[in-house]
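Nothing in this text is a laboratory measurement; each read-out follows from the coordinates by a stated rule. Owing to the predicted nature of the structure, the values given are computational and were not obtained by experimental measurement. Backbone-built Cβ (ideal geometry, glycine too); neighbour counts: all protein chains shown.
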Amino acid sequence: MAVDVSLVLVCYYSSALAGRAVASFRAEGAACRLRIEVVLVDHSEDPQEQRALAALAPDILIAQPNRGYAAGVNAGVQAARGRLVVFGNPDIEFHANSLRPLLAALESGWDIVGPQFMLGEFLLPLPEPQTPRAEILRWVAGHSKRYWKVYFTSEVRRAVSLWRAGEPVAVRELSGALLACSRATFHGVGPWDEGYFLYFEDTEWLLRARRRGARLGLVPTSRVTHLWGQSADPERSLSVALASRRRFFRSQFGLAGKLVGSLQPACSLLHPRPLGAGETVAAADVWWLVSVSRLGVPAAAVRGGAVPPLGAIQVLGRAHGKRVRYTVLAVDNRTLRCLGAWWWEYDAG
């Protein structure tokens, strides 16, 4: 039987998360009356975990040594039979009516697309641009209060334009947590670089795709929950992320990449105060931004009023599931002017 769409998930001790991803994909496939299949790639090397994944009744279950996320994506897509493939992390959940617009974008001429990720009520941002110029701009923004204001406003304007969009939008970056393309496009760009164990493998593949002329699109009407940090702990994987970053910049941008790859992370020129009950801002239509970045962007966002959405921020912290200190900023939706900065801390313990 021909398969319309394959879902490929790369799992590492994530059977508890994969259940929602698989169930929501099947529900969406049924709603769209598509012939679908589920391909799970297990990197746990643990028979008990493999049995837990097998209980989800995937059409294909691949158990292989953990050679990294890129190797899992390659193995899964190679085994997939669908004309279109949707591939990524198991810590995702498709919202109702999220698969149809994603696939419609591919049918209308986009080559590689991704959804608008959500976490609780918050819209999640796209990844930051990874170029020498972007790295230098971030570094300057972290050392110049005057330039930080210019940089922050520019990044907020870019993000808000995506959050307001109703049709697919051309972008240069997408998150590798979930991507969709045809199998022909995937094989045309080539396999993911397995020299990256974790992090930047999606960045390199998407850069390669753009250099081949591929059109990348964010589909804002396709909403997918992404439990960021659940399938891989960013703090525990920091050394791996830094090594992947150095490899990416040096391999893709030569001397310029080598130089910016050695830059220290941006400093913080913000002086936020604790966020508590009773805070208000002088605007009625506000984007509330929540960020782990020292620069305040990229940030998750929820649109609201003059009062901080403390309940939604608490839900975000619980969904994140770890101790984290957020920078919270209020931005006027009309002028995009920053109205204030605070910090808020969640402690899972």
task: Could you tell me the largest-minus-smallest coordinate of the C-alpha atoms of the stretch 5-93 on each of the three principal axes, in descending order and whole angstroms?
output: 35, 23, 18
- prompt: In what sequence do Cys181, Cys338 fall when counting other Cβ within 10 Å, fewest first?
  reply: Cys338, Cys181
task: Let me have the 222 nm mean residue ellipticity of the chain computed from DSSP H runs of 4+ only, each contributing -39500 (n - 2.57), with the sum over all residues rounded to the nearest 500.
output: -11500 deg cm²/dmol
- line: Listed residues Leu126, Leu270, Leu238; largest mean-square fluctuation, Gaussian network over the chain with Cα springs below 10 Å, found at Leu238
task: Give me the number: length gained by fully extending Ser262 to Arg157, i.e. 0.36 nm times residue separation minus the C-alpha to C-alpha distance, one decimal in nm.
output: 34.9 nm
Fraction of the pair-distance distribution of the chain above 27 Å, Cα-Cα pairs, percent: 47
- prompt: What is the Cα centroid distance between the stretch 143-167 and the stretch 301-331, reported in whole angstrom?
  reply: 19
message: Please rank Arg323, Arg250, fewest neighbouring Cβ atoms within 10 Å first, as an exposure proxy.
response: Arg323, Arg250
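On alpha-carbon atoms, Rg over Rh for the stretch 273-346 using Kirkwood Rh?
Taking Rg over the Kirkwood Rh, I get 0.93.
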field: ³J(HN,Hα) computed for each position of the stretch 86-101 - Karplus, 6.51 cos²θ - 1.76 cosθ + 1.60, integer Hz, glycine/proline x
entry: 10, 9, x, 8, x, 8, 10, 8, 6, 7, 4, 6, 9, 6, 4, x
- prompt: Label-point separation (nm) for Glu167 and Thr335, each offset 7 Å from Cα along Cα-to-Cβ?
  reply: 3.2
Most fluctuating residue given options Val156, Val38, Val140, as computed from a GNM of the chain linking Cα atoms under 10 Å: Val140
- line: In degrees, nearest 10, the alpha-carbon axis of helix 238-261 is tilted away from the dominant principal axis of the alpha carbons of the chain by 80
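Quote to one decimal, in nm, the extra length available between Ile136 and Ile60 on full extension: 0.36 nm per residue of separation minus the C-alpha distance between them.
Numbers: separation 76, 0.36 × 76 = 27.36 nm, distance 4.43 nm.
Additional length available on full extension: 22.9 nm.
Please give the charge dipole size of the chain, origin at the Cα centre, charges +1 on K and R Cβ atoms and -1 on D and E Cβ atoms. Round to the nearest 20 debye. Walk me through the intermediate numbers first.
Values: 40 positive and 30 negative charges, 240 e Å.
In debye, rounded to 20, the chain gives about 1160.
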